[in-house]
Number of protein chains: 2
Amino acid sequence: MNTASTNTPQAAPSLAPLVALLAGEMEKVNARIIERMASDVPLVPELAGHLIAAGGKRLRPLLTLAGAGLAGGSPHAVGLATAVEFIHSATLLHDDVIDESKLRRGRDTANALWGNDASVLVGDFLFARAFELMVETGNLSVLGRLSNASARITEGEIKQMTIAGVPGTNADDYLDVIRNKTAILFAAAAAAGAEVAGANQTVIDAAHNYGLQLGMAFQIMDDAMDYSLSSEAMGKNSGDDFLDQKITLPLIIAYGDGTDAERNFWQRTIGEGAFADGDFDTACRILDRYDAIDRSVTEAEKYAGAAAAALDRIADQTNTGRTSAITALLDALSEAARFAAHRQN
Amino acid sequence: MNTASTNTPQAAPSLAPLVALLAGEMEKVNARIIERMASDVPLVPELAGHLIAAGGKRLRPLLTLAGAGLAGGSPHAVGLATAVEFIHSATLLHDDVIDESKLRRGRDTANALWGNDASVLVGDFLFARAFELMVETGNLSVLGRLSNASARITEGEIKQMTIAGVPGTNADDYLDVIRNKTAILFAAAAAAGAEVAGANQTVIDAAHNYGLQLGMAFQIMDDAMDYSLSSEAMGKNSGDDFLDQKITLPLIIAYGDGTDAERNFWQRTIGEGAFADGDFDTACRILDRYDAIDRSVTEAEKYAGAAAAALDRIADQTNTGRTSAITALLDALSEAARFAAHRQN
């Protein structure tokens, strides 16, 4: 994130301005994370700590803090942002069990180190803790938002599982999966932050929409990069989606435009899981032939544009009497949207 | 449950009176369960339906309805009881994944039929749905109770996992495990029912205590019966705890009083998982030598007695102007406590 290039005028879009604006509150979130993963059972903080220490962008709690900031902040924002990160961490632990992943953010996964059983249970623990934190905000509407988002995440994951191995899946089904499994939590995180800070309904709805579009852009890029970045640059194994027979946008594009021979290749690999040496390189070459990565990036850019447009509605609402803090936040969120659809290689 | 013997004066204690009193509301709970496990993703209701159709005693939602009944009932009792059953169902799905169980209540487990991945995700879905249902009650205190209970369930399960395979575990650690993994949800279920119906604090606390003691009795009996009932009578594989190297009270008793040779046997089997043909029969014979099942039942009876005593506090509170409905509920709950510590063979 903190590349030197952010100091030059033609810098690639970056999360750095958003991170800088919210650094003080994020420190409190990090402290709260440590505090609330405590347990008399030592394995809980050990395993949760391994996951959470690995870092990551902390994009979801940032959205909650930003949402609250748009309405002047709230004493409950830090607790709520912690809850959002716990929900996300719980889904990561369970995802790694399901995908049998061995590497996440460049480190061994918790299930690789402690086993699947521990990952399932500590995921459950973090999820329960998230709800305890939300109860402390005293805001039922926020609880409703995030419990609904949690249910939809699992529906997205289950649908993803049921379409895995079906290379002829259409784009709508893919978009439905990523909306549920990723974008809805981005949306709920931002909207819940605005709501707990007492924003009006227009701002809450716009925050929701911003998060939703940003989440779509983010997931499409993540999926596209799985075919185009080295493992080192990704911090996870590149090609994982291919080997997991996951259906993502580059594949849908290349399959849709593909020849019979190419479709047979996709059917043998993604469809039947009968992989041979060199298949991933072949897959990348076919994707290249149809410009599938760049076309996916273009799709992500559309969502990023819609996210930025959602910010305009917030700017309108806060036009009179807008503080410089809110202006800075809106600028940082706008850059975050461009960042979400920016190629990293 | 509905044995003919409940009609005779010397009848074994039974859940039947409690079930009969709450039958109308339980029908609504069952309808709400079907309604709220609906999803656009067909696998969700399929898998959840398999688990829930298998039935079981529905003891936890019964406690919620009974708790509400003690305070004259509540329009939110049915939704809350549904939430409690969803939390329990979620933990069952995840338990079966962890224990790799193939049989529950005489049927194939969901993970045996649909795989571990689906069980993990549908468990997460039911857990999230439970929180949606709780939000609908509009009662934050109830949400706090049940989210805290959910966190403690997972702590109990994790501690159970960490003491598995350690035959020298002491009784306090075992009791701590079952308090968290089982009794706390019984307690929260009963107390949340009373609370949502507007009971005073004394009644809420007594309902909590009743559920806690009942849950302890119930789990101690369940664990004891794993060594003494046929698979047919249990509806799950008897001897599962032994093969899973789980530490339960009969083992703790027999290990504590055992000879060096017997301790070596426990160390080889429960400790190291090196099982040979006939080991389960040997285990049962050693338990018999130390009266370990009967001594476990006696322990369960103590908790059942404490549960009945908690009811007296409720009876005191509702003394003036107590309706016949509340009297009937108190009698049925008292019999349920005796039932919990009653040997089924």
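Observations
- Flag for B:LYS28 being surrounded by fewer than 20 Cβ atoms within 10 Å (Cβ to Cβ), over 23 Å from B:LEU121 (Cα atoms) and at pLDDT below 90: no
- Every test in (1) touching a residue at least 60 places away in the same chain (Cβ under 8 Å); (2) acidic (Asp, Glu); (3) more than 7 Å from chain A (Cβ to nearest Cβ) is passed by B:ASP172 save one, and that test is (1).
- Which numbered condition B:ARG107 fails, given (1) closer than 29 Å to B:ILE204 by Cα; (2) of a type outside the set (Gly, Ala, Ser); (3) more than 8 Å from chain A (Cβ to nearest Cβ); (4) surrounded by fewer than 24 Cβ atoms within 10 Å (Cβ to Cβ): (1)
- Members of the range B:157-169 that are of a type in the set (A, V, I, L, M, F, W, C) and at the interface with chain A (Cβ under 8 Å from one of its Cβ atoms): B:ILE158, B:MET161
- Checking the stated criteria, B:ILE178 turns out not to satisfy the condition of being aliphatic (A, V, I, L, M), more than 17 Å from B:LEU51 (Cα to Cα) and within 13 Å of another protein chain (Cβ to nearest Cβ).
- The requirement of being of a type outside the set (Asp, Glu), buried (at least 24 other Cβ atoms within 10 Å of the Cβ) and under 24 Å from A:GLU35 (Cα atoms) is fulfilled nowhere in the range A:153-174; no residue meets it.
- Qualifying residue in the range B:77-90 (condition: free of Cβ contacts under 8 Å to residues at least 12 places away in the same chain and not basic (Lys, Arg)): no
- Which listed residue, of A:TYR227, A:TYR210, is within 30 Å of A:ASN139 (Cβ to Cβ), hydroxyl-bearing (Ser, Thr, Tyr) and in contact (Cβ under 8 Å) with a residue 40 or more places away in the chain: A:TYR210
- Among residues that are among the aromatic types (Phe, Trp, Tyr) and either over 27 Å from A:LEU330 (Cβ atoms) or facing chain B (nearest Cβ under 8 Å) (or both), A:PHE186 is not included.
- Sole exception among (1) at pLDDT below 95; (2) of a type in the set (Gly, Ala, Ser); (3) in contact with a Phe, Trp or Tyr (Cβ under 6 Å, 6 or more places away or on another chain) for B:SER147, by number: (1)
- Residue within the range A:83-96 that is within 14 Å of chain B (Cβ to nearest Cβ) and farther than 27 Å from B:LEU121 by Cβ present: no
- Test: A:LEU51 is buried (at least 24 other Cβ atoms within 10 Å of the Cβ) and either modelled with pLDDT under 80 or in a strand (DSSP E or B) (or both): yes
- A:ALA192 meets each of the listed conditions (1) closer than 30 Å to B:ASP99 by Cβ; (2) buried (at least 21 other Cβ atoms within 10 Å of the Cβ) apart from (1).
- For the range A:4-25, taking the residues that are outside any helix (DSSP H, G or I) and under 21 Å from the mean Cα position of the chain (by Cα), the one that is modelled with the highest pLDDT is identified as A:LEU22.
- The lone criterion from (1) touching a Gly at 6+ places or on another chain (Cβ under 6 Å); (2) more than 14 Å from chain B (Cβ to nearest Cβ) left unmet by A:GLU136 is number (2).
- Long-range neighbours under 9 Å by Cβ, at least six apart or interchain, first residue over 20 Å from B:SER147 (Cβ atoms) within the range A:21-38, second not in a helix (DSSP H, G or I): A:GLU25/A:GLY73; A:MET26/A:ARG58; A:ASN30/A:ARG58
- The single condition from (1) part of a loop (DSSP other than H, G, I, E, B); (2) more than 23 Å from B:ASP124 (Cα to Cα); (3) at pLDDT 85 or above that A:SER39 fails is (2).
- A:ALA81 vs. criteria under 20 Å from A:THR327 (Cα atoms), hydrophobic (A, V, I, L, M, F, W, C) and modelled with pLDDT of 95 or more: no
- Selected residue [away from chain B (no Cβ under 13 Å), surrounded by fewer than 22 Cβ atoms within 10 Å (Cβ to Cβ) and in a helix (DSSP H, G or I)] from A:ASP205, A:ASP117: A:ASP205
- Residue within the range A:34-48 that is more than 14 Å from chain B (Cβ to nearest Cβ), under 19 Å from the mean Cα position of the chain (by Cα) and closer than 25 Å to A:LEU93 by Cα present: no
- Annotation: of all residues in the range B:139-156 being facing chain A (nearest Cβ under 9 Å) and among the β-branched types (Val, Ile, Thr), the one that is farthest from A:ALA164 (Cα to Cα) is B:ILE153.
- Considering the range B:214-309, the qualifying helices (runs of 4 or more DSSP H), each wholly inside and each with 3 or more residues that are touching an Asp or Glu at 6+ places or on another chain (Cβ under 8 Å), run over B:240-243, B:249-257.
- Filter result for A:PHE125 (in contact with a Phe, Trp or Tyr (Cβ under 7 Å, 6 or more places away or on another chain) and facing chain B (nearest Cβ under 7 Å)): no
- Candidates B:ASP244, B:ASP257, filtered to the one that is of a type in the set (D, E, K, R), modelled with pLDDT of 95 or more and closer than 24 Å to B:ASP176 by Cβ: B:ASP257
The values are calculated or read from the model by the stated rules, or taken from the named source; none is laboratory data. Quantities reported herein were computed from a predicted structural model and do not represent experimental measurements. As a convention, Cβ positions derive from the backbone with ideal geometry for all residues, glycine included, and neighbour counts pool all protein chains shown.
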